[in-house]
Amino acid sequence: MKLLLVTPVAKSKFLGRGFAFNLPFLSLPIISTYTPADIKVTIIDERIERIDYNVPYDLVGITLMTPLAPRAYEIADEFRKRGVTVVMGGMHVNARPEEVLEHSDAIVIGEAERIWPQLIDDFKKGALKRIYKLDGYTNLDTLIPMKRDLLCKNKYVPVEFLETTRGCPFGCHFCSVTKFFGGKYRVRSVDDVVREIATLKPTASRFSIKNVVFFVDDNIIGDRNHARELFEKIKPYKLNWLGQASMNLAKDDELLSLARDSGCMGLLIGFESLSDEVLKDVGKKPNVTREYLSAIRNIQSYKIGIMGSFIFGFDQDDETVFDRYWEFIRRSGLEAVYLGIMTPYPGTRCYDELEKEGRIFDHDWSNYDTSHVVFHPKQMSSDRLSKGYQWAFRKTYSLYSIYNRLRSSQAYPLFFWPMNIGIHFSVNRLVKALN
Ligand code: B12
Ligand code: SF4
């Protein structure tokens, strides 16, 4: 039996096709790990490979987050026209199961590890059900070692993705994570994570940074004891790792020092907004705007770089938000910045509220990529929001601004300089595509 697993390409010019760096991902390698050994599995990442619809696959599995949904449906329709059974899973399936079912024979709602072997068994017996849904969540201590060999490594930047926790208690109003993975940090035993790390083949980039790992956890310090143990136990592996963390890390010198000693190169931190009113409104509890600069300085004093993420388009944002943002960035010395336009992902409180107010004017999911405006902002026109976002992104990644942000940074220059230059070109491409 032949199984094809596909990740569709997003229209987005940022982080999709055309992004300076091709990043790997976990979802389909995980599905392949839980597929019985007698099945031949192929993974196609549409960002880098074309799908050959004439290969006689028995079953096709497609992963979809919201901006990938329209392309996922095109692929599914093509295969189903040829009589191939299609199954879909991923974030968007949770939010819009009926819609996804119009284009697939079966769907998996939620995490797949405990359900996928059952689905395959049903398929083999000709008894595939339409909906597979896990009761509760996966116990992360029962994960089996992930097969990493199906992604063609030389087509991605040399980094291994790994997870040590799932879930988030904050439930921010624009975010899909809490609903999907639950409102608690579920942790995976550190010994198990370390065993996985021990099996990784060393990665080396042409900029000579070795053993680069990205922990995809939404907040690697969410469970402090777990983080402490993790940082202590991964130290011997001499990793250079990146992760995501909440702002309260800035006040925790012990954890910062352990993170640095365990090889932390940089952390993605959601600043989201420069307004406390917005932060309160969306539920981003760890953030206090007057502490932003001191938080940045303290984390950087451990030679850990910060990738700050900001969103434009909250109801409190008027046209002055862009200048205020720029003023902050000039003083911040952030090693990298991710900018997004508020995007009401279906299934979030934000979506429900805006929909109720009749403010969402674009339901084409391919525009839900955080670079397009899909709703009427409260205090400016959608065009002004789009132009302000483009202006801010370009200014942040002008060569002059990159130089200014990075010139006194102590954090891994061999990582942050090439990253910024790559993003400089990606942002230029993005802005061109948006106009
Ligand atoms: C790492 C990451 C990335 C990486 C890798 C992307 C990837 N495909 O995984 C990068 C940096 C490339 C990325 C990019 C983007 N991302 Co991202 N990313 C994440 C992050 C932090 C972790 C993903 C992860 O590995 N999770 C753990 C794995 C195990 O979970 P999973 O992928 O969902 O897979 C499980 C189930 O969903 C299911 N499943 C998944 N696929 C399939 C398929 C089948 C057939 C079956 C049966 C089951 C199944 O089984 C898996 C195991 O249980 C999540 C947040 C999160 N906590 O998930 C955001 C997240 C998924 N990203 C998001 C977004 C919006 C984006 C971007 C659009 C951002 C942008 N502005 O461009 C881009 C789009 C990229 C693209 N493909 O074009 C949103 C998606 C929201 C939504 N409703 O769709 C999230 C949830 C972040 C958020 N807080 O809102 N991202
Ligand atoms: S803290 Fe981050 S992951 Fe958690 S709900 Fe808020 S935005 Fe999502």
- Query: Among M342, M419, M65, what's the order by accessible area (1.4 angstrom probe), most exposed first?
  - Reply: M65, M419, M342
- Message: Along the Cα→Cβ direction, 7 angstrom out, place labels at C152 and N428. What is the inter-label distance in nm?
- Response: 2.8 nm
- Message: Given the whole protein assembly as supplied and a 1.4 Å probe, what does the accessible area of V216 come to in Å², nearest 10?
- Response: 40 Å²
- Item | E46, E291, reordered so the largest accessible area comes first (probe 1.4 Å) | E291, E46
- What is the distance, in nm, between label points placed 7 Å from the Cα along the Cα-to-Cβ direction at K303 and at I360? 4.7 nm
- Query: Tell me, what is the percent relative contact order of segment 77-233, built from C-alpha pairs under 8 Å that lie six or more residues apart?
  - Reply: 18 percent
- Name the residue farthest towards the positive end of the dipole of segment 2-133 from the options L101, Y34, F123, assuming +1 on Cβ of Lys and Arg, -1 on Cβ of Asp and Glu, about the Cα centre. L101
- Item | Ranking by accessible area, most exposed first, for R228, R148 with a 1.4 Å probe | R228, R148
- Query: Between E102 and Y403, what is the label-to-label distance in nm when each label sits 7 Å out along the Cα-to-Cβ direction?
  - Reply: 5.3 nm
- Net dipole in debye of the chain [+1 Lys, Arg Cβ; -1 Asp, Glu Cβ; about Cα centre; nearest 20]: 1260 debye
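In percent, what relative contact order does segment 2-133 have, based on Cα pairs under 8 Å that are 6 or more apart in sequence?
So the answer I get is 25 percent.
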- Message: Filter the chain for me: DSSP H helices, axial length by Cα at least 27 angstrom, mean Kyte-Doolittle hydropathy not below 0.5. List them by residue number.
- Response: 413-434
- Just checking the chain: which Cys have no other cysteine's beta-carbon under 4.7 Å? C152, C168, C264, C350
- So which GluC sites (Glu not before Pro) in segment 172-250 pass both tests, a DSSP loop state and at most 11 other Cβ atoms within 10 Å of the Cβ? none
- Using a 1.4 Å probe, how large is the accessible area of S27, given in Å² and rounded to the nearest 10? 50 Å²
- Would you compute, from DSSP H runs of 4+ residues alone, the mean residue ellipticity of the chain at 222 nm, taking -39500 (n - 2.57) per run and dividing by the full residue count, rounded to the nearest 500? -10500 deg cm²/dmol
- Query: Using unit Cβ charges (K, R positive; D, E negative) and no other charged atoms, how large, in debye to the nearest 20, is the dipole of segment 99-215 about its Cα centre?
  - Reply: 320 debye
- Task: Quote the charge dipole size of segment 2-133 about the Cα centre in Debye, to the nearest 20; the model charges only the Cβ of Lys and Arg (+1) and of Asp and Glu (-1).
- Result: 120 debye
- Message: At 1.4 Å probe size, what's the solvent-accessible area of T164? Round to the nearest 10 Å².
- Response: 0 Å²
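From Cα pairs below 8 angstrom and at least 6 apart in sequence, can you work out the relative contact order of the chain, rounded to a whole percent?
This gives 14 percent for the chain.
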- Message: Let me check I've understood the local charge: for V177, count other residues with C-beta under 13 angstrom from its C-beta, Lys and Arg +1, Asp and Glu -1. What total comes out?
- Response: +2
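Using a ≥ b ≥ c from the Cα gyration tensor of segment 213-255 (square roots of the eigenvalues), is it rounded, prolate or oblate, where a/c under 1.5 gives rounded and otherwise the larger of a/b and b/c decides, a/b for prolate?
Cα axes put segment 213-255 in the oblate bin.
Tell me the per residue accessible area of the chain using a 1.4 Å probe; a whole number in Å² is fine. Can you show the working numbers first?
Details: 19130 Å² over 435 residues.
That works out to 44 Å² per residue.
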- Task: Find the centroid of the Cα atoms in segment 396-435 and in segment 275-292, then give the distance between the two in whole Å.
- Result: 26 Å
- Residue (of V337, A245, I304) at the positive-pole extreme of segment 157-434, dipole from beta-carbon charges: I304
- Task: Scan around V6 for amide H atoms under 5 Å from its own, H built in the peptide plane at 1.01 Å from N, and keep only partners 5 or more places away or cross-chain.
- Result: I44, G61, I62, T63
- Please give the FRET efficiency for I48 paired with E291, using the beta carbon to beta carbon distance and R0 = 45 Å, rounded to the nearest 0.05. 0.65
- Sorted peptide list for 149-162, 370-383, criterion being average Cβ within 10 angstrom, highest first: 370-383, 149-162
- Using the alpha-carbon centroid of each, what span in Å lies between segment 48-110 and segment 111-184? 16 Å
- Task: With a Förster radius of 25 Å, plug the Cβ-Cβ distance of D191 and A37 into 1/(1 + (r/R0)^6) and report the FRET value to the nearest 0.05.
- Result: 0.45
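The values are calculated or read from the model by the stated rules, or taken from the named source; none is laboratory data. Note that the coordinates shown come from a computational prediction; the quantities given were computed from them, not determined experimentally. So basically every Cβ, Gly included, is an ideal-geometry build from the backbone, and we count neighbours across all protein chains shown. For accessibility, only protein heavy atoms count, side chains too; no ligands or nucleic acids. Shrake-Rupley method; radii C 1.70, N 1.55, O 1.52, S 1.80 Å.
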